[in-house]
2 protein chains.
Amino acid sequence: MNISEVARETGLPAKTIRYYEEIGLIKPLRDTNGYRLFRVSDVHKLAFLGRSRALGFSIEDCRRLLALYEDQCRASADVKALAEEHLAQIDGKIAQLRSMQATLRELVEECAGDRRPDCPILRDLAKE
Amino acid sequence: MNISEVARETGLPAKTIRYYEEIGLIKPLRDTNGYRLFRVSDVHKLAFLGRSRALGFSIEDCRRLLALYEDQCRASADVKALAEEHLAQIDGKIAQLRSMQATLRELVEECAGDRRPDCPILRDLAKE
DNA sequence: ATGGGGGTTCCCGTTGCTGGAGGGTCAAGC
DNA sequence: GCTTGACCCTCCAGCAACGGGAACCCCCAT
């Protein structure tokens with residue numbers, strides 16, 4: 001399988017697939033002409049990576065997840081720990097965004113949004 | 001005022017202040033020895049930037065907000081539009097994070113987290 | 001032979017800084 | 001006058017996770 005076919009199957013851009021090879025996440029074979037040659041297992045790994053990334057795991061986390069996936073002797077506790085840590089970070093980010101959202105919503109509601117220069121949003125940003 | 005004093009007052013790292021000058025957000029004076037010399041208005045702008053950034057506005061948005069702030073003839077509608085657009089992006093990000101959070105929470109709950117290799121998290125990431 | 005649609009590498013740009021190297025400046029103490 | 005330490009300066013590299021584009025190779029059909 002060549003790269004564009006793999007891209008179609010996994011939904012990942014070819015650029016991303018090349019990048020994943022560059023950083024050692026996959027190691028496709030090479031054809032005599034220099035083209036990458038993907039095995040089914042490579043495609044499988046790429047799909048795994050795509051789903052891990054879609055859940056917001058960092059590349060380094062994905063690397064660890066992939067290693068655990070390939071290790072038949074893994075302990076599910078290790079996977080769970082990784083996922084829980086990531087979940088905690090997501091929780092934190094959501095909290096932060098919600099705080100911004102709340103503040104902004106208030107300010108936007110207070111703002112007349114007309115031609116006059118007076119604006120509670122700017123006033124808040126400039127306060128003190 | 002020199003940079004470390006401004007850093008203390010605004011809560012921004014000196015590096016960040018230099019960076020903001022580099023990209024043209026502020027234009028402090030220079031002392032004869034080459035040191036930056038900050039006016040009260042510079043400090044004020046930096047505080048404004050700090051609060052805008054804390055609300056999640058991008059640097060370019062901050063630049064626009066600052067321009068609106070300085071423009072006595074601005075229309076509050078312009079500020080409101082900017083804020084609403086940003087708010088919409090925050091809403092989108094929260095939605096995305098919540099979807100990740102929901103999926104991850106489910107998977108984490110299903111996972112035994114013991115020494116056995118069987119793991120629903122990995123199974124989900126590898127599915128199909 | 002030529003054209004079009006693959007593939008390849010390499011390098012720069014993104015966002016918003018942060019860290020560090022290498023060097024000038026200033027105020028205090030001896 | 002000299003040193004020491006705490007400032008300040010500029011410039012360069014790097015982070016995450018790619019994306020865009022140049023310059024070039026390869027293969028197949030007409």
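Every residue, every condition in (1) away from DNA strand C (no atom under 16 Å from the Cβ); (2) among the basic types (Lys, Arg), yes or no:
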residue: A:11; (1), (2): no, no
residue: A:51; (1), (2): yes, yes
residue: A:62; (1), (2): yes, no
residue: A:105; (1), (2): yes, yes
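If the condition is being within 26 Å of the chain's Cα centre (by Cα) and within 12 Å of DNA strand C (Cβ to nearest atom), then region B:18-36 contributes B:18, B:19, B:20, B:21, B:22, B:23, B:25.
Residues that are over 27 Å from residue A:104 (Cβ atoms), of a type outside the set (Ser, Thr, Tyr), at pLDDT below 95 and open to solvent by 30 Å² or more (accessible area, probe 1.4 Å): does region B:37-44 have at least one? Let's see the steps before the verdict.
Step one: of region B:37-44, the residues over 27 Å from residue A:104 (Cβ atoms) are B:37-40.
From what is left, the residues that are of a type outside the set (Ser, Thr, Tyr) are B:37-40.
Adding the requirement that they be at pLDDT below 95 leaves none.
No, region B:37-44 contains no residue that is over 27 Å from residue A:104 (Cβ atoms), of a type outside the set (Ser, Thr, Tyr), at pLDDT below 95 and open to solvent by 30 Å² or more (accessible area, probe 1.4 Å).
When the helices (runs of 4 or more DSSP H) confined to region B:27-128 are screened for residues that are more than 28 Å from residue A:10 (Cβ to Cβ), those reaching at least 3 such residues are found at B:40-54, B:59-70, B:76-110. Evaluate region A:53-61: report whether one residue or more is away from DNA strand D (no atom under 12 Å from the Cβ), surrounded by 17 or more Cβ atoms within 10 Å (Cβ to Cβ), within 14 Å of chain B (Cβ to nearest Cβ) and within 14 Å of the chain's Cα centre (by Cα). Within region A:53-61 (the criterion being away from DNA strand D (no atom under 12 Å from the Cβ), surrounded by 17 or more Cβ atoms within 10 Å (Cβ to Cβ), within 14 Å of chain B (Cβ to nearest Cβ) and within 14 Å of the chain's Cα centre (by Cα)), the answer is no, since none of the residues qualifies. If the condition is being among the β-branched types (Val, Ile, Thr) and either in a helix (DSSP H, G or I) or near DNA strand D (Cβ under 8 Å from one of its atoms) (or both), then region B:5-23 contributes B:6, B:10, B:16, B:17. Across region B:19-33, what is the number of residues that are surrounded by fewer than 16 Cβ atoms within 10 Å (Cβ to Cβ) and either not hydrophobic (A, V, I, L, M, F, W, C) or not assigned by TED's automatic domain parsing to the domain that holds residue B:49 (or both)? Qualifying residue count for the region: 8. Scan region A:1-39 for residues that are free of Cβ contacts under 8 Å to residues at least 12 places away in the same chain and hydrophobic (A, V, I, L, M, F, W, C) and the total you get is 3.
Among the candidates B:88, B:95, B:83, the residue that is open to solvent by less than 70 Å² (accessible area, probe 1.4 Å) and within 8 Å of another protein chain (Cβ to nearest Cβ) is uniquely B:83. Answer yes or no: is there a residue in region A:89-101 that is basic (Lys, Arg) and in the same structural domain as residue A:120 (by TED's automatic domain parsing). Among the residues of region A:89-101, at least one is basic (Lys, Arg) and in the same structural domain as residue A:120 (by TED's automatic domain parsing), which makes the answer yes. Looking only at residues of region A:26-48 that are more than 9 Å from every other protein chain (Cβ to nearest Cβ) and of a type in the set (A, V, I, L, M, F, W, C), we find that the one that is farthest from DNA strand D (Cβ to nearest atom) is A:40.
The values are calculated or read from the model by the stated rules, or taken from the named source; none is laboratory data. Since this is a predicted model, take the numbers as computed values, not measurements. No Cβ is skipped: glycine too gets one built from the backbone with ideal geometry, and neighbour counts run over all protein chains shown. Side chains are part of the model used for accessible areas, which takes the heavy atoms of the whole protein and leaves out ligands, DNA and RNA. Shrake-Rupley method; radii C 1.70, N 1.55, O 1.52, S 1.80 Å.
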